[in-house]
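J.: Got a structure for you, written out below as structure tokens; questions coming shortly.
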Amino acid sequence: MVAIARSNRLRRTPFSQGVEEAGVSAYSIYNRMLLPAMFESLAADCEHLKQHVQVWDVACERQISVKGPDAAKLMALLTPRDLSKMADDQCYYVPMVDQNGGMLNDPVAVKHRDDHYWISIADSDLLLWVKGVAAGMGLNVSVEEPDVSPLAVQGPKADELVARVFGDVVRDIRFFRYKRMEFQGRDLVIARSGYSKQGGFEIYVDGGNIGMDLWQALFAAGQDLDVRAGGPNLIERIESGLLSYGNDMTAAHTPFDCGLGKFVNSDADYIGRAALEKSRTKGAKWQLCALEIFGDPVPTCDRHWAILMNGERIGQVTSATYSPDHKINVAIGMVQADRFAAGVDVEVETQAGRCDARLRAEFWT
Ligand code: THG
């Protein structure tokens with residue numbers, strides 16, 4: 001296995017020291033920042049995540065702070081999702097699109113007040129787009145990347161662990177809502193959210209200098225819970241159908257192509273509206289779907305694998321891995337919408353050869 005050379009361009013995080021002490025064995029790069037991808041093995045990490053609790057360094061989910069009198073106006077321009085009913089303690093999954101309706105990012109928006117939001121971004125340079133829109137539209141708003149780093153606590157014992165450090169009130173936080181909780185004199189947003197379907201929280205660590213103290217407090221409190229360091233797990237996220245921007249979709253896809261059409265519901269004059277109205281009428285070009293790939297465990301999916309139907313290319317597999325729980329290869333792909341049907345047999349061209357596969361209507365949770 002070839003290593004990636006480290007440098008200041010590949011930003012460390014406030015938790016990197018803890019991640020390294022915990023024995024990280026593979027990093028990914030996300031927003032030019034280190035993202036732990038594996039500790040023991042993908043399978044062992046996945047098994048542990050489903051049974052216990054993990055602390056994830058997801059500082060690479062960088063925040064864009066949108067603050068000022070025109071903050072709500074700018075947010076409404078940036079997403080086809082209706083934000084008008086968003087509460088001051090709420091988070092929303094918000095596709096963001098360009099003027100052609102192409103996906104630029106699929107972040108989580110965090111609302112503080114009508115004049116202050118965070119955009120918790122996936123892996124694309126969204127800060128530049130948001131600054132550009134704000135400047136181009138002459139909006140009275142400041143757009144910047146604050147020193148805020150999410151730390152996720154995921155798994156069935158996440159409530160117990162976070163309650164031990166922050167108090168039992170965290171148990172009352174509802175899905176995609178947050179409370180502000182005190183740690184070392186700092187008020188931290190703690191949301192019930194995270195990039196797994198095992199449940200848990202995301203703690204938005206405001207000020208990197210307290211990052212390792214919080215890391216250590218969580219590990220000290222969770223020894224008997226078998227708390228471990230982890231990260232977004234490839235197996236669990238594919239089983240769960242959680243999308244990865246840059247892998248599963250790009251600016252070549254609309255939210256409809258990605259199965260995110262339910263989030264296109266804004267009445268505001270958002271950027272890309274005309275294009276999305278048109279593609280809604282015409283019907284999506286692509287359909288994101290689950291696949292089962294038959295045969296031996298597949299190799300790492302680090303390039304798109306053609307999906308063939310009767311020898312003709314109809315799309316590509318974008319993420320794939322072997323699932324020990326299901327004892328099959330699980331995958332995410334994009335196929336031409338008019339060729340999609342659940343249960344249809346196809347072939348997939350991996351770098352290790354051609355495999356039989358089947359399109360599915362649902363993911364595995
Ligand atoms: N948490 C935070 N920021 C993030 C991510 C995160 N930024 C990058 C990346 N992840 C953004 N992508 C996603 C994708 C899926 C979800 C969240 C962020 C997600 N989806 C739920 C689901 O599909 O079931 C819920 C969606 C909903 O119904 O609102 O959680 O993980 N802070």
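The values are calculated or read from the model by the stated rules, or taken from the named source; none is laboratory data. It should be emphasised that the depicted structure is a prediction, and the values quoted were computed from it without experimental measurement. Neighbour counts run over all protein chains shown; Cβ positions are idealised from the backbone, glycine included. These accessible areas exclude ligands, DNA and RNA; they are computed on the full protein's heavy atoms, side chains included. Shrake-Rupley method; radii C 1.70, N 1.55, O 1.52, S 1.80 Å.
J.: Taking into account only those residues within the stretch 234-262 that are assigned to a helix (DSSP H, G or I) and either closer than 23 Å to Q154 by Cα or open to solvent by 30 Å² or more (accessible area, probe 1.4 Å) (or both), which is farthest from the ligand (Cβ to nearest atom)?
T.: Residue satisfying both the conditions and the ranking: I235.
J.: Oh, and also: Inspect the stretch 129-143 for any residue being of a type outside the set (F, W, Y), within 15 Å of the ligand (Cβ to nearest atom) and within 14 Å of S65 (Cα to Cα) and give the result as yes or no.
T.: Checking the stretch 129-143: at least one residue is of a type outside the set (F, W, Y), within 15 Å of the ligand (Cβ to nearest atom) and within 14 Å of S65 (Cα to Cα).
J.: For the stretch 128-147, enumerate the residues that are farther than 18 Å from Y92 by Cα, hydrophobic (A, V, I, L, M, F, W, C) and touching a strand residue (DSSP E or B) at 6+ places or on another chain (Cβ under 8 Å).
T.: Residues satisfying the conditions are W129, A134, V141, V143.
J.: Of the conditions (1) within 16 Å of the ligand (Cβ to nearest atom); (2) open to solvent by 40 Å² or more (accessible area, probe 1.4 Å); (3) in a loop (DSSP other than H, G, I, E, B), D269 clears all except one; give me its number.
T.: (1)
J.: Which of (1) free of Cβ contacts under 8 Å to residues at least 60 places away in the same chain; (2) of a type in the set (D, E, K, R); (3) within 14 Å of R81 (Cα to Cα) does D106 not meet, given it meets every other one?
T.: (1)
J.: If you go through the stretch 193-233 one residue at a time, how many are more than 16 Å from the ligand (Cβ to nearest atom), out of contact with any helix residue (DSSP H, G or I) (no Cβ under 9 Å at 6 or more places or on another chain) and of a type in the set (S, T, N, Q)?
T.: Qualifying residue count, the stretch 193-233: 2.
J.: Next question. Those residues that are within 12 Å of the ligand (Cβ to nearest atom), aliphatic (A, V, I, L, M) and surrounded by fewer than 21 Cβ atoms within 10 Å (Cβ to Cβ), I need them from the stretch 150-188; list them, please.
T.: None; the set is empty.
J.: Right, something else. Check every one of the strands (runs of 3 or more DSSP E) wholly within the stretch 32-144 and list those with 1 or more residues that are open to solvent by less than 10 Å² (accessible area, probe 1.4 Å) and of a type in the set (V, I, T). If you could, list the steps in order and put the result at the bottom.
T.: On the way: elements: 33-38, 54-57, 63-67, 91-93, 103-105, 108-113, 116-120, 142-144.
Passing ranges, in order: 54-57, 63-67, 108-113, 116-120.
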